Amino acid sequence: PGEMETTSEVSLKDSLKRVFGYDNFRGKQEEIIHNILDRQNTFVIMPTGAGKSLCYQLPAIVQEGTAIVISPLIALMKNQVDQMNAVGIHARFLNSTLTKSESNRVKKDTISGIVKLLYVAPESLTKEENVAFLKQATISFVAIDEAHCISEWGHDFRPEYRRIKDIIGQLGDIPIIALTATATPKVQLDIQKNLSMDGAELYKSSFNRTNLYYEVRPKKNAKKQLIRFIKDHKGASGIIYCLSRKKVEEIAEFLRVNDINAAPYHAGMESKERMKNQDGFLNEDIDVIVATIAFGMGIDKPDVRFVVHYDAPKSIEGYYQETGRAGRDGISSNCLMFYSYNDILKLEKFNKDKAVTERENARFLLEEMASYADSAICRRKQLLHYFGEEFTVDNCGQCDNCVHPKEQFEGKEMIKLVIEAVGQTNERFDINHLAAVIIGKNTQHVKSYDHDKLDVFGKGKDISDENLWRSVIRQTLLHEFLKKDIENPSVFKVSKKGQEFLKKPYSHMLSKDHEHTAEGDNEE
Ligand code: ADP
Ligand code: ZN
């Protein structure tokens, strides 16, 4: 087919219908595809289920040559390739599961030009023999799926991803499309830097999952609460996430003795048993799957009606991903988390043996998780803020904090103090330091910066509750009077709105956090 025909609107839509059976593009798919066909670097940030795969599959088949798709999960690769082959697209994969002769065959077919999509694991990409092979192939573009794996600040760091850019560079001037379903502003910056695609066109769609109801409950009598919750969703499909394999087994057993059709899933199970449970869940033979976070990647069950976090997740990103498996079909679904500060302490222990920066990062992610759970601000607003998206609706009507608002208090003076503290410390400090300065705590750290001499030092000492101040600082951020430093997200800066507020402060309500203590936590 000639150049004109392949890139024209008519033929794109035509291929969409003919190959995939869809009548229309979704969201920005068409623009994205055009950008790739124009050989421009492209950056796609869309939530799971938005239709990212089509953004590289379609341009791959209407162009000469082979598109390389880098994907971190070998287990999912085969699935994707099978799906492609089922609709008549010549796709293959290259990873460590292939025998020598199988991989030779794949290479031969790629060089001859019949393979349109070649899925490659990052560790296979960086192998020298494979680089040599790729040099012989005609490559249309490289798609990097799960691009957040490139960033150590994300929740899924894969060091091999760091070498991708270098390899692509050796193959020539090839356009790149990076795709991910989660990227905080910092991770986004990291992806762009690591792939040297500053000039790339960014396509970002909203992360707001309007049909999901978010709720956090204190972890008290959690088992009893869990039974009641599941019985309220009788017969519906649901996922219960637990932190450990042992807990998974225990809860699955507990549900079964309570007449709930549940089964466990974790990486420590025999793979036959595990697959049986997964299939059972997909075919509706099993209502509730109790799982570690190993469960869910690439599982596309549209009618999951609830996701319960029996234990606190490790990060807000993880939480968003896991809850995102509910309600893919757009029908109202529930996301319930049981929370106790004890869980955070337990999770922190897991990080003990990590390298310093990794440990600090993991702790930072955990702290953010904890403040999400404690906060009485709209859950949706918090989640979206985390991904750099502003949500200005006052009451989302679809989260516990909006439906059962906590008592509010006038925050004008406190907000003012917080902004002053951030300004006077030159926008370089984290929440603990700011709180210490405000209440006038003479710590070593505060003194070493001469912050005990600032005008704002101790100005908030009438309210000596440091936790309350930390909560106010977080709310000042969530209400956009402050912003995070993108490079260093634990550091706060004053936003434009904050500067204006300082000039002319106005009434602004704040809410008291929920009180989730480690004491009195009782799961039974
Ligand atoms: P993501 O990779 O963003 O999580 P997928 O690429 O897996 O999402 O797509 C999610 C679902 O949407 C898939 O079942 C896919 O076939 C479907 N889909 C994608 N694009 C379209 C479209 N234009 N019209 C209808 N369905 C689509
Ligand atoms: Zn809300």
Check: Which one of Asn130, Thr110, Ser140 has its Cα pushed farthest toward the positive end of the charge dipole of the stretch 21-140, where Lys and Arg give +1 and Asp and Glu give -1 at the Cβ?
Finding: Asn130
Next item on the list: Could you tell me the distance between the Cα centroids of the stretch 255-316 and the stretch 84-157, to the nearest Å?
Entry: 30
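Counting alpha carbon pairs within less than 8 Å and at least 6 residues apart, what relative contact order, in whole percent, applies to the stretch 269-365? Write out the running numbers ahead of the final one.
On the way: 85 pairs, mean separation 23.1, N = 97.
So the answer I get is 24 percent.
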Check: According to the square roots a ≥ b ≥ c of the eigenvalues of the Cα gyration tensor, what is the shape class of the stretch 437-494, taking rounded for a/c under 1.5, prolate for a/b larger than b/c otherwise, and oblate for the remainder?
Finding: oblate
Item checked: Rounded FRET efficiency, nearest 0.05, which uses the C-beta distance separating Lys352 from Glu515 and R0 of 22 Å -> 0.20
Check: If r is the Cβ-Cβ distance from Ser196 to Lys135 and R0 is 25 Å, what FRET efficiency results, to the nearest 0.05?
Finding: 0.80
Check: Assigning unit charges at the beta carbon (Lys, Arg +1; Asp, Glu -1) and nothing else, what dipole magnitude in debye, to the nearest 20, does the chain show about its Cα centre?
Finding: 220
Check: Leaving out same-chain residues fewer than 8 places away, which aspartates and glutamates sit with a Cα under 18 Å from that of Lys314?
Finding: Glu152, Asp156, Glu215, Glu322, Asp343, Glu348, Asp353, Glu358, Glu360, Glu367, Glu368, Asp374
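Once you have a ≥ b ≥ c as the square roots of the Cα gyration tensor eigenvalues for the stretch 377-454, tell me rounded if a/c is under 1.5, and otherwise prolate or oblate according to whether a/b is larger than b/c. Can you show the working numbers first?
On the way: a/c = 3.00, a/b = 2.25, b/c = 1.33.
Cα axes put the stretch 377-454 in the prolate bin.
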Notebook entry, point to check: So what's the gap between the Cα centers of the stretch 410-471 and the stretch 197-244, to the nearest angstrom?
Noted result: 35
Item checked: Estimated vicinal HN-Hα couplings, Hz - the stretch 195-203 in sequence order (Karplus 6.51, -1.76, 1.60; Gly, Pro = x) -> 9, 6, 10, 4, x, 5, 6, 9, 10
Checklist line | Between helix 271-282 and the chain: long-axis angle, C-alpha atoms, 0 to 90°, nearest 10 | finding: 80
Checklist line | Degrees, to the nearest 10: 356-374 long Cα axis against longest axis of the chain | finding: 70
Next item on the list: Determine the alpha carbon to alpha carbon distance for each of Lys220/Lys381; Lys28/Lys496; Lys186/Lys349; Lys381/Lys504; Lys461/Lys497; Lys416/Lys453 and list only those over 23 Å.
Entry: Lys220/Lys381; Lys28/Lys496; Lys186/Lys349; Lys381/Lys504; Lys461/Lys497
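Under a Cβ-only charge scheme (Lys and Arg +1, Asp and Glu -1), can you give me the dipole magnitude of the stretch 414-524 about the Cα centre, in debye to the nearest 20? If you can, show how the numbers build up before the last one.
Details: 17 positive and 19 negative charges, 177 e Å.
About 860 debye.
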Next item on the list: Grab the DSSP H runs of the chain that are 4 residues or longer, score each as -39,500 (n - 2.57), total them, divide by all residues and round the 222 nm result to the nearest 500 deg cm²/dmol.
Entry: -12000 deg cm²/dmol
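Can you give the charge dipole size of the stretch 334-427 about its Cα centre, rounded to the nearest 20 debye, using +1 on the beta carbon of Lys and Arg and -1 on the beta carbon of Asp and Glu?
Numbers: 12 positive and 17 negative charges, 64 e Å.
The dipole of the stretch 334-427 has a size of about 300 debye.
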Notebook entry, point to check: For the stretch 1-118, what's the relative contact order in percent, using C-alpha pairs closer than 8 Å and at least 6 residues apart?
Noted result: 24
Item checked: Cα gyration tensor shape of the stretch 332-478, rounded if a/c is under 1.5, else prolate or oblate by comparing a/b with b/c -> oblate
Check: Under 5 Å between amide H atoms, partner at least 5 residues away or on a different chain: which partners does Val216 have, H built in plane at 1.01 Å?
Finding: Met337, Asp400
Note to self: Give the residue list of chymotrypsin sites (Phe, Trp or Tyr not before Pro) in the stretch 464-511 that are DSSP loop and have at most 10 other beta-carbon atoms within 10 angstrom.
What the structure shows: Tyr506
Notebook entry, point to check: Can you work out the base-10 log of I(q)/I(0) for the chain at q = 0.05, 0.10, 0.11 1/Å, using the Debye formula on its C-alpha atoms alone?
Noted result: -0.23, -0.90, -1.05
Notebook entry, point to check: With θ set to phi - 60° and the Karplus curve 6.51 cos²θ - 1.76 cosθ + 1.60, what are the ³J(HN,Hα) couplings of the stretch 390-397 in order, to the nearest whole Hz, using x for Gly and Pro?
Noted result: 8, 10, 9, 5, 5, 9, 6, x
Next item on the list: For Tyr203, list long-range residues whose amide hydrogen, built 1.01 Å from N in the peptide plane, is under 5 Å from its own amide hydrogen.
Entry: Phe43, Val44, Ile45
Next item on the list: Compare the peptides 164-177, 447-460 by average per-residue count of other Cβ atoms within 10 angstrom and give them in order, highest first.
Entry: 164-177, 447-460
Check: Among bridges DSSP assigns within the chain, what percent are antiparallel (round to 5)?
Finding: 10
Check: How about the stretch 344-397: which trypsin sites (Lys or Arg not before Pro) there are in a DSSP loop, with at most 14 other Cβ atoms within 10 Å of their Cβ?
Finding: Lys352, Lys354
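Quick note: the coordinates plus some simple rules give every number you see, no bench work behind them. None of these values were measured; they are calculated from a predicted model. Cβ sites come from the backbone with ideal geometry, for glycine too, and all protein chains shown count toward neighbours.
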